[in-house]
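For reference, the structure is listed below as structure tokens.
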Amino acid sequence: MVATTTLKLPDEMKERIASAAEAADKTPHAWMVDALAAQIALDERRREFVESAFIAEQEVAEYGLVYDADEVFSHLQAKIAGKPVKAPKARKR
């Protein structure tokens, strides 16, 4: 089902949308639907990220285990370079 929504936009914004839509070879309507979908996806990813950060914070508080950032960074660089490397060890906080 598709619902109709009315947006009251300032003239300058309407002009900018029309210009962006033309450059993207889309109608202003299609451009706005895509823009809203992209913003919704960004918001959902941001909320998931924050939620995972809170969960990680709770895990650190519960178990007291953390990783040294420099060791993790070095480990990732070595993995990317294709070098055999052991995973960093978690340490008590």
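Summary table
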{"quantity": "Scan of the stretch 1-60 for residues that are of a type in the set (D, E), over 30 Å from R93 (Cα atoms) and either out of contact with any helix residue (DSSP H, G or I) (no Cβ under 9 Å at 6 or more places or on another chain) or outside any helix (DSSP H, G or I) (or both), ordered by number", "calculated": "D11, E12, E15, D25, D34, D43, E44"}
{"quantity": "Hits in the stretch 34-93 - residues which are among the aromatic types (F, W, Y) and at pLDDT below 95", "calculated": "Y63, Y67"}
{"quantity": "Residue tally, condition in a loop (DSSP other than H, G, I, E, B) and surrounded by 10 or more Cβ atoms within 10 Å (Cβ to Cβ), over the stretch 74-93", "calculated": "4"}
{"quantity": "Close pairs from the stretch 82-93: first in contact (Cβ under 8 Å) with a residue 12 or more places away in the chain, partner among the aromatic types (F, W, Y), Cβ under 7 Å, at least 6 apart", "calculated": "P88/Y67; A90/Y67"}
{"quantity": "Residue pairs meeting the criteria (Cβ under 8 Å; at least 6 apart or on separate chains; first farther than 12 Å from W31 by Cβ, in the stretch 1-21; second surrounded by 10 or more Cβ atoms within 10 Å (Cβ to Cβ))", "calculated": "L7/M32; L9/I17"}
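The values are calculated or read from the model by the stated rules, or taken from the named source; none is laboratory data. Keep in mind the model is a prediction, meaning the values are calculated, not measured. So basically every Cβ, Gly included, is an ideal-geometry build from the backbone, and we count neighbours across all protein chains shown.
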